[in-house]
Amino acid sequence: MVAAARSITMSDLSRQKRFQTELDVDGLSRRHTVGQAVEHYLDRMNIRNNGLRWMAFSRGVKLDSKTELSDVPETDNEWTVMPEVSAGDS
């Protein structure tokens, strides 16, 4: 059963930049992907991506950026958004 309204809260690691959006109301629909939601967050928070790929985690698990928001479990409604980095980056 799909809930009538669904919200997602996205924040950075320090939880200083926090954004809550309601799907199908605030510019994101259930048909958007996790990656598009992350881009929406970066835009709304005025965060430059600096050429980095950004990812979202929920409950310690990385969300697939290609997953549609309708397919993300409702329990995964609080995300931490951060740039993807590796030890080999210079």
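The values are calculated or read from the model by the stated rules, or taken from the named source; none is laboratory data. Because the structure is predicted, anything quoted here is derived from the model rather than measured. As a convention, Cβ positions derive from the backbone with ideal geometry for all residues, glycine included, and neighbour counts pool all protein chains shown.
Restricted to region 67-79, and to residues that are of a type in the set (S, T, N, Q) and free of Cβ contacts under 8 Å to residues at least 40 places away in the same chain, which residue is nearest to Met10 (Cα to Cα)?
Within region 67-79, the match that is nearest to Met10 (Cα to Cα) is Thr75.
For region 31-63, what are the residues that are among the basic types (Lys, Arg) and not in a loop (DSSP other than H, G, I, E, B)?
Arg44, Lys62
In region 36-53, how many residues are among the small types (Gly, Ala, Ser), modelled with pLDDT of 90 or more and farther than 18 Å from Thr75 by Cα?
Counting residues in region 36-53 that are among the small types (Gly, Ala, Ser), modelled with pLDDT of 90 or more and farther than 18 Å from Thr75 by Cα gives 0.
Leu28: assigned to a loop (DSSP other than H, G, I, E, B), surrounded by fewer than 14 Cβ atoms within 10 Å (Cβ to Cβ) and among the aliphatic types (A, V, I, L, M), yes or no? Let's see the steps before the verdict.
On the way: assigned to a loop (DSSP other than H, G, I, E, B): yes; surrounded by fewer than 14 Cβ atoms within 10 Å (Cβ to Cβ): no; among the aliphatic types (A, V, I, L, M): yes.
No: the conditions fail for Leu28.
Within region 64-89, track down each residue that is assigned to a loop (DSSP other than H, G, I, E, B) and aliphatic (A, V, I, L, M).
Val72, Val85, Ala87, listed by residue number.
Of all residues being in a loop (DSSP other than H, G, I, E, B) and more than 12 Å from Thr80 (Cα to Cα) in region 1-21, which is modelled with the highest pLDDT? Just the residue, please.
In this case the residue turns out to be Arg6.
Of the residues Asp71, Asp24, which is at pLDDT below 90, more than 10 Å from the chain's Cα centre (by Cα) and among the charged types (D, E, K, R)?
Details: Asp71 fails: at pLDDT below 90.
Exactly one of Asp71, Asp24 is at pLDDT below 90, more than 10 Å from the chain's Cα centre (by Cα) and among the charged types (D, E, K, R), namely Asp24.
Between a residue in region 40-66 that is under 21 Å from Asp24 (Cβ atoms) and any residue that is β-branched (Val, Ile, Thr) and surrounded by fewer than 14 Cβ atoms within 10 Å (Cβ to Cβ), which pairs come within a Cβ distance under 9 Å, given they are 6 or more apart or on different chains?
Every condition considered, the pairs that remain are Ser58/Thr75.
Looking only at region 27-43, count how many residues are touching a Lys or Arg at 6+ places or on another chain (Cβ under 9 Å) and either more than 21 Å from Ser86 (Cα to Cα) or of a type in the set (A, V, I, L, M) (or both). Steps first, answer last, please.
Narrowing region 27-43 to residues touching a Lys or Arg at 6+ places or on another chain (Cβ under 9 Å): 27, 30, 33-35, 41-42.
Subset that is either more than 21 Å from Ser86 (Cα to Cα) or of a type in the set (A, V, I, L, M) (or both): 27, 30, 33-34, 41-42.
Going through region 27-43 one residue at a time, the tally reaches 6.
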